[in-house]
1. Being in contact with a Leu (Cβ under 6 Å, 6 or more places away or on another chain), modelled with pLDDT under 90 and either assigned to a helix (DSSP H, G or I) or of a type in the set (D, E, K, R) (or both) is true for just one of P74, P37. Which residue is that?
2. May I ask you to verify whether A89 is at pLDDT 80 or above and either surrounded by 16 or more Cβ atoms within 10 Å (Cβ to Cβ) or hydrophobic (A, V, I, L, M, F, W, C) (or both)?
3. Yes or no: segment 8-26 includes at least one residue that is in a helix (DSSP H, G or I), among the charged types (D, E, K, R) and modelled with pLDDT of 90 or more.
4. Please work out which residue is farthest from the chain's Cα centre (by Cα), limiting yourself to segment 41-68 and to residues that are among the small types (G, A, S) and assigned to a helix (DSSP H, G or I).
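The values are calculated or read from the model by the stated rules, or taken from the named source; none is laboratory data. From a predicted model like this one, the values you see are computed outputs, not experimental measurements. Reconstructed Cβ throughout: ideal geometry from the backbone, glycine too, with neighbour counts over all protein chains shown.
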Amino acid sequence: MNHNRTLTLLSLISIVLMAFHLTGDFVLGLDKGAASPVAAIILIVWLIGTLVLGGTRWGYVIMLLGGLLGAGMPFIHMRGRGITDAIGASTLGIFFIWGLFVVGATGSVSAILSLQELWRMRTSKARF
């Protein structure tokens, strides 16, 4: 499997897990719905960058930003209130926390692969 297909697959996995994670935020009461329009726009742009613009410079930049967002998600949740009692007492708690770690991992790898592809595009243009 080449890096471009791996990046696309990891980016799609991150998008799906991020959507589940955001849903968990709403269900567990961590977000009262104020961020839902912004979250929807972010997910739409991330999908467009992955599926429509994949293989282009803009696609890689969007996947890089999405990957960084995913990579930062565990750190964002561990700051401030951290993992609340509502999450620990919920039956969704283990999936929510597992999702945090997996989004962080897939986001990190997506960001690294995006940077690698952007670097590859930069160096291949410089040769011609």
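1. Numbers: P37 fails: in contact with a Leu (Cβ under 6 Å, 6 or more places away or on another chain).
Going through P74, P37 in turn, the sole match is P74.
2. No.
3. Taking every residue of segment 8-26 in turn, none turns out to be in a helix (DSSP H, G or I), among the charged types (D, E, K, R) and modelled with pLDDT of 90 or more.
4. G59
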